[in-house]
Amino acid sequence: MTLSIRPDLTSADQVLSSLATGQKQTVTEAEMKQAVRTLLIGLGEDPDREGLKDTPKRVMKALQFLTKGYHESLDELLNGAVFTEDANEMVLVRDIDIFSSCEHHILPIIGRAHVAYIPNGKVIGLSKIARVCEMYARRLQVQERLTVQIADALQGLLKPQGVAVVIEATHMCMVMRGVQKPGSWTVTSAMRGVFSEDVRTREEFMNLIRHNSNFH
Ligand SMILES: Nc1nc2c(ncn2[C@@H]2O[C@H](COP(=O)(O)OP(=O)(O)OP(=O)(O)O)[C@@H](O)[C@H]2O)c(=O)[nH]1
Ligand SMILES: [Zn+2]
């Protein structure tokens with residue numbers, strides 16, 4: 001990934017005013033590593049000891065990976081895998097692993113997504129449903145927004161009869177720190193079209209995601 005400092009921004013004031021006006025700020029990888037080094041010093045560590053020497057680079061790379069969804073687009077990940085098909089029964093992909101990061105603490109959100117839709121002349125490659133989840137999960141998120149983004153992406157791409165997304169996840173910021181509630185998990189849902197309008201369709205979906213499959 002190429003990150004270059006904006007040549008037109010020469011002072012901290014300009015940087016701050018560009019942030020205030022919503023312009024995207026870019027920084028160099030050297031600056032990102034320096035920021036991690038500063039954090040290490042703030043934590044009382046010696047960033048020059050052997051074990052930490054490469055840590056700023058590792059942390060930067062890890063965070064870049066965990067947020068790689070910012071550099072992906074629906075168009076790219078779909079790779080044309082939307083097909084015309086005369087299908088009008090529910091398609092459900094269950095138990096899609098979710099590894100996201102909460103935007104408040106940049107700590108992991110770990111869970112599973114269940115995504116269903118009812119086609120309306122078009123179907124999508126099944127793996128692409130998981131890829132859509134992955135693209136939005138690999139950003140700084142709140143669970144509610146992640147859920148809605150997946151539902152709206154599929155609704156926009158397929159114009160189906162409806163889309164249903166449920167995410168069950170545990171937030172490390174509630175487990176390892178803060179309120180410290182291991183075992184707590186959060187369920188969010190986004191229902192579009194027939195799933196929001198028709199109780200029976202929604203119940204069919206909820207029953208299907210409750211049922212324990214033989215694969216487990
Ligand atoms: N709605 C929502 N809240 C989240 C999510 N991830 C983390 N949070 C919450 O964001 C809130 C941030 O609250 P603050 O009081 O500003 O931060 P904090 O002092 O670190 O809060 P505590 O976690 O309660 O210690 C906390 O209640 C978190 O549990 C999420 O995906 N959705
Ligand atoms: Zn958090």
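Every number in this text was worked out from the coordinates using simple rules, so none of it is lab data. Just so we're clear, the structure is a prediction, and the values are computed from it rather than from any experiment. Cβ atoms come from the backbone with ideal geometry, glycine included; neighbour counts cover every protein chain shown.
Can you show me the helix-derived [θ] at 222 nm for the chain, built from DSSP H runs with n ≥ 4 at -39,500 (n - 2.57) apiece and divided by the number of residues, rounded to the nearest 500. Present the calculation step by step, with values, prior to reporting the outcome.
On the way: 9 runs with 88 residues, N = 216.
Helix contribution divided over all residues of the chain: -12000 deg cm²/dmol.
Kindly put HIS211, HIS104 in sequence by how many other C-beta atoms sit within 10 Å of each C-beta, fewest to most.
HIS211, HIS104
Can you order the peptides 115-124, 170-179 by their average number of other Cβ atoms within 10 Å per residue, highest first?
Values: 115-124: 20.7, 170-179: 15.5.
Final packing ranking: 115-124, 170-179.
How many Lys pairs in the chain lie less than 20 angstrom apart by Cα atoms, where the lysines are 8 or more positions apart or on different chains?
11
Please give the Cα centre distance for segment 161-204 versus segment 60-138, rounded to the nearest Å.
Measuring centre to centre over Cα atoms gives 15 Å.
Over all alpha-carbon pairs of the chain, lay out the pair-distance distribution in 5 Å bins, whole %, shortest bin first.
Taking every Cα pair in the chain, the percentages come to 1, 6, 12, 14, 15, 14, 12, 9, 7, 6, 3, 1, 0.
Which value, in debye to the nearest 20, gives the size of the charge dipole of the chain about its Cα centre, when Lys and Arg are +1 and Asp and Glu are -1 at the Cβ?
On the way: 25 positive and 26 negative charges, 62 e Å.
So the dipole magnitude of the chain works out to roughly 300 debye.
Return ASP97, ASP198, ASP86 ranked ascending by Cβ neighbour count within 10 Å, so the fewest neighbours appear first.
ASP86, ASP97, ASP198
Rank by packing, highest mean first: peptides 150-162, 29-41, with packing defined as the count of other Cβ atoms within 10 Å averaged across residues.
Output ranking for 150-162, 29-41: 150-162, 29-41.
How big, on average over all directions, is the shadow cast by the Cα convex hull of segment 24-151, in nm²? Working shown, then result.
Values: hull surface 39.5 nm².
Here the figure is 9.9 nm², rounded to one decimal.
Given a cut-off of under 8 Å on Cα pairs at least six residues apart, what relative contact order in percent is computed for segment 81-210? Each step should come with its number before you reach the end.
Working: 263 pairs, mean separation 32.8, N = 130.
Worked out over segment 81-210, it gives 25 percent.
Take every DSSP beta bridge whose two residues both sit in the chain, then give the antiparallel share in percent to the nearest 5.
Rounded to the nearest five, the antiparallel share is 95 percent.
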